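To start, the structure under review is shown below, and the notes come after it.
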């Protein structure tokens, strides 16, 4: 009986703690004010709003819908959290080696920005035992809020990937690249950075209809992250940012 | 597919429902001001020689109302000094930063009050709406209205424009610059900015490395980099070279470079971070440069 009582107490405490946690999250995070440290969420726009869209093209006429979540790791109070970016993505297999896709950034939309990404993934090389398959993904990101606030970013991702196992799980290594076309920024200062590269590593567990992907990427590791309003958490110390993502893709 | 379409419809419905404007403000509420007895987070501590006698500390409320409001908001203010001397002496209007409340900035006020000699200058501080014991919610227009309410009080106690020095720190540089540049209840004789920011857009561009428009993230129109162009009064700028929050080159230096008034004075402090200018320089050196500027002209 005492053991039963102890178990009941533990369950009660757990329940109370869980409720407190949910209340805390509700009160302090997304639903109320998104109190990320001053404008921390801005960093998300540094391309890594989403992981790689498609690494391996779909079959001809196959369709896929994907949701991904994650972003750069930043300091939030005393914790480290990823910037909460949610992206929805749709792809269509134009042929067995070429997939077109379009995606919308849901988090951006909630903040009043229309942000879409359009592109295509083309497989260039097939896997030969240990020699990886290679794909290339040109795309562009379009962000619009009003006539004074609209941006266009070309992107180019190159991925090497290996399928393994009975379910054709997939592991990939890639580099995503964003290009800033503007020559000037605020107050007429010169925009010095035009190329943002992001080495990434990811893995997909594949099922019959869907796949679950995790990805990590180093974001602009060549740039200093010091003296910013955002405190990035990265294994690279004072350089760049480090993003973590999860995604689920459903094929149909 | 249906689920994705449903999600997109939901997103469309809620599109633009959130904004990041409130991230500028980082207030905390308190039930009483403790000043020297405050044990919370402060940027530095002072020894007893800087203490302000109780007779020279006045805590009171003001009614603040911006032009777009139908009723006034009650905010708290502290005046350091003898109220009877306001009509004859120089007063520093101190606009604090975005964190916490006046208790956190009390030692900064004490330093300014003791600049030149013991209890030399009158110092006016307020808690913006939403901060400390002040009522209401923080807002951009509220910042300007709240500082203006303090100026109205000073004016009603005999302060003239020629004896008003406006001092802003970090977020407080926004109302300080705005009021120096535009038409409010008083026109300060001099403007002093400590660790100013240029604009929210600059913060965003620094953080992203990209030329991203500020409109993507905020509707705040605070722009010290532009506002300073309308300031003609003598201007004092002080900024830590090691400021890891507001980069001295992309923020403070831009504000200083855009100033085209009668006299500008720049102090780039080697080794100083956002909140450590006073401790890095040493209190006396800091007060010396402050006094030097106030006594100028």
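Read-outs: derived from the displayed coordinates by stated rules, not from any lab. Everything numeric in this text was worked out from a predicted model, so none of it was measured. Here Cβ is always computed from backbone atoms with ideal geometry, including for glycine, and neighbour counts include all displayed protein chains.
Odds and ends about this structure:
- Compared with the rule-of-thumb size 2.2 N^0.38 Å for a compact globular protein, the range A:111-155 has a Cα radius of gyration ratio of 1.75.
- The modelled label-to-label distance between residue B:260 and residue A:78, using points 7 Å beyond Cα along the C-beta direction, is 5.0 nm.
- Distant alpha-carbon pairs in the range A:148-252 (separation over 23 angstrom), percent: 43 percent
- For the pair residue B:28 and residue A:184, a Förster radius of 35 Å applied to the C-beta separation gives a FRET efficiency near 0.35, rounded to the nearest 0.05.
- Evaluated over the Cα positions of the range A:103-190, the convex hull gives a direction-averaged projected area, one quarter of its surface, of 8.2 nm².
- Here the gap between residue B:229 and residue B:68, fully extended at 0.36 nm per residue and compared with their Cα-Cα distance, gives a gain of 55.4 nm.
- The range B:49-160 - Rg over Rh from alpha carbon coordinates, Kirkwood radius: 0.97
- Centre-to-centre, using Cα atoms only, the range B:232-293 and the range A:182-223 are separated by 36 Å.
- Expressed as a whole percent, the proportion of Cα-Cα pairs in chain B lying more than 27 Å apart is 40%.
- Once the gyration tensor of the Cα atoms in the range B:171-238 is diagonalised, the equivalent ellipsoid follows with semi-axes of 25, 13, 9 Å, ordered largest first.
- Taking 0.36 nm per residue of separation and subtracting the current Cα-Cα distance, fully stretching the chain between residue B:56 and residue B:249 would add 65.6 nm.
- Taking the longest Cα principal axis of chain B as reference, the axis of helix B:140-156 is set at about 20 degrees.
- Using a simple spin-label model with pseudo-atoms 7 Å out from Cα toward Cβ, residue A:130 and residue A:148 lie 5.9 nm apart.
- Ranked for footprinting exposure by Cβ neighbours inside 10 Å, fewest first, B:51, B:295, B:108 give B:295, B:51, B:108.
- Whole-Å semi-axes of the protein assembly as shown's equivalent ellipsoid (Cα gyration tensor): 51, 27, 21
- Between 0 and 90°, nearest 10: helix B:2-14 axis offset from chain B longest Cα axis: 30 degrees
- Only Cα sites of the range B:140-297 enter the Debye sum here, all with the same form factor; the resulting log10 I(q)/I(0) across q = 0.20, 0.21 1/Å is -1.31, -1.39, listed in q order.
- Shape analysis of the range B:33-90 based on the Cα gyration tensor places the equivalent ellipsoid semi-axes at 27, 19, 10 Å, largest first.
- Three principal axis lengths of the range B:225-297 [C-alpha, angstrom, descending]: 31, 29, 13
- With Cα atoms, 0 to 90° folded angle of helix B:283-295 axis to chain B main axis: 80 degrees
- Coarse-grained scattering of the range A:158-209 at q = 0.12, 0.24, 0.28 Å⁻¹, given as base-10 log I(q)/I(0) from a Debye sum over alpha-carbon atoms: -0.47, -0.88, -1.00
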